[in-house]
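So the structure is just underneath, and the comments pick up after that.
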Amino acid sequence: MDCLFCKIANKEIPSKKVYEDEFCYAFEDIAPAAPVHILFIPKEHISGMGGITPENSAVVSKIFEAISRVAGDMGLDGGYRVVSNCGADAGQTVFHLHFHLLAGKPLGGMCSIGG
Ligand code: 5GP
Ligand code: ZN
């Protein structure tokens, strides 16, 4: 399958790794929208929010555990935002499930990431 984030998770394409475990991989976004902009992805291919099923949804809780751990380790005491763009209207550009972790400045009242 020709999927950019599968290739990043498999280390076929280089990325700046922030965190990794058996289930998920986290790396710095190539075009950061905030001083901290990290992408969290499942290692297995899931196309996006619509691809989450009872069979694979456990990885989502693993990703959220990882986000909480990384945010804690980074000391993001000022707060942070977690965003997942789902489909064309939301500006999803990579069709492998991912969660943006944004922090490091006041993020405003609206989400505007990706697209
Ligand atoms: P989306 O727009 O689908 O919500 O988010 C995709 C994100 O992936 C964007 O924020 C974009 O900057 C990031 N991205 C796209 N290609 C690459 C890449 O090759 N490496 C990294 N590290 N990030 C990428
Ligand atoms: Zn993939």
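Given all pairs of different Cα atoms, what value in angstroms does the Kirkwood hydrodynamic radius of region 1-40 take? So the Kirkwood estimate lands at 10.6 Å. The residues packed around residue 56, meaning those with a beta-carbon under 12 Å from its beta-carbon, carry a net charge of 0 if Lys and Arg are +1 and Asp and Glu are -1. When you filter the GluC sites (Glu not before Pro) in region 42-115 for DSSP loop state and at most 12 other Cβ atoms inside 10 Å of their Cβ, you are left with 55. Using a cut-off of 20 Å between Cα atoms, the listed pairs 7/105; 16/43; 17/62; 11/43 include 7/105 as exceeding that distance.
Taking the square roots of five times each eigenvalue of the Cα gyration tensor of the chain, the equivalent ellipsoid has semi-axes of 21, 16, 14 Å, listed largest first.
Laboratory data are not the source of any read-out in this text; all were calculated from the coordinates shown. Here the structure is a predicted model, which means the values were calculated and not measured. So basically every Cβ, Gly included, is an ideal-geometry build from the backbone, and we count neighbours across all protein chains shown.
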